[in-house]
Amino acid sequence: MRVLLLALLAIVALVPFCGAGAGEVAGIARVIDGDTLEIAVQRHRLHGIDAPELRQTCSDASGRPRRDWPCGRRAAAALVGLIGGRAVACEIRGRGRYGRLISIRRVGLRDLGRWLVRLGWAMAYRRYSRDYVGDEAAARAAGLGLWSGTFAMPWDWRR
């Protein structure tokens, strides 16, 4: 009986963990930044997107820096708002160079990466995927999110 109970507890402990061989599972996620989430103790980078870094700020349409517009924090806040404390499902795509799992994350049927790009809070990360290029073009044309002003692409800002 004890062995059965310990085995059951071990299985339950693994359910919310999106591990490398887990396929698709769900759990409550904590937002790290606009393109990184954590479930249990495992960090996941959203597949195919790149969002501004937390310390990154943007400029208005005239190019003036706007210290009052911390676009990196706004991108993270948009992700927090979408998740809203609900369970997040993940589909593992691989592992990134910093050891984070790369995954498509969903709340219900909504792909979080696509949603962020569509609203202008992240870019399609063409270096790794072309999945969200059309969504980025639509957000840019509509002047949504980051596209309402000027900003450095996150990959350039990090350099």
Query raised in the report: Considering Arg126, Arg130, which residue is part of a loop (DSSP other than H, G, I, E, B) and more than 29 Å from Gly27 (Cβ to Cβ)?
Result: Arg126
Query raised in the report: Does Tyr98 meet the test of being surrounded by fewer than 19 Cβ atoms within 10 Å (Cβ to Cβ) and not charged (D, E, K, R)?
Result: yes
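Looking at Arg106, Arg73, which is the one that is under 15 Å from the mean Cα position of the chain (by Cα), farther than 23 Å from Gly149 by Cα and basic (Lys, Arg)?
Arg106
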Query raised in the report: Here are some residues: Ile92, Ile83. Which one is aliphatic (A, V, I, L, M), more than 15 Å from Asp33 (Cα to Cα) and surrounded by 13 or more Cβ atoms within 10 Å (Cβ to Cβ)?
Result: Ile92
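Taking the condition crowded, with 19+ Cβ neighbours inside 10 Å and either without any contact (Cβ under 8 Å) to a residue 24 or more places away in the chain or over 22 Å from Leu37 (Cβ atoms) (or both), does Asp60 pass?
no
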Query raised in the report: Of all residues in the stretch 105-123, which are crowded, with 20+ Cβ neighbours inside 10 Å and assigned to a strand (DSSP E or B)?
Result: Arg105, Asp111, Met123
Query raised in the report: When the residues of the stretch 28-57 are filtered to those that are buried (at least 21 other Cβ atoms within 10 Å of the Cβ) and not in a loop (DSSP other than H, G, I, E, B), which remaining residue is nearest to the chain's Cα centre (by Cα)?
Result: Leu46
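Read-outs: derived from the displayed coordinates by stated rules, not from any lab. The structure displayed is predicted, hence computed values, not measured ones. No Cβ is skipped: glycine too gets one built from the backbone with ideal geometry, and neighbour counts run over all protein chains shown.
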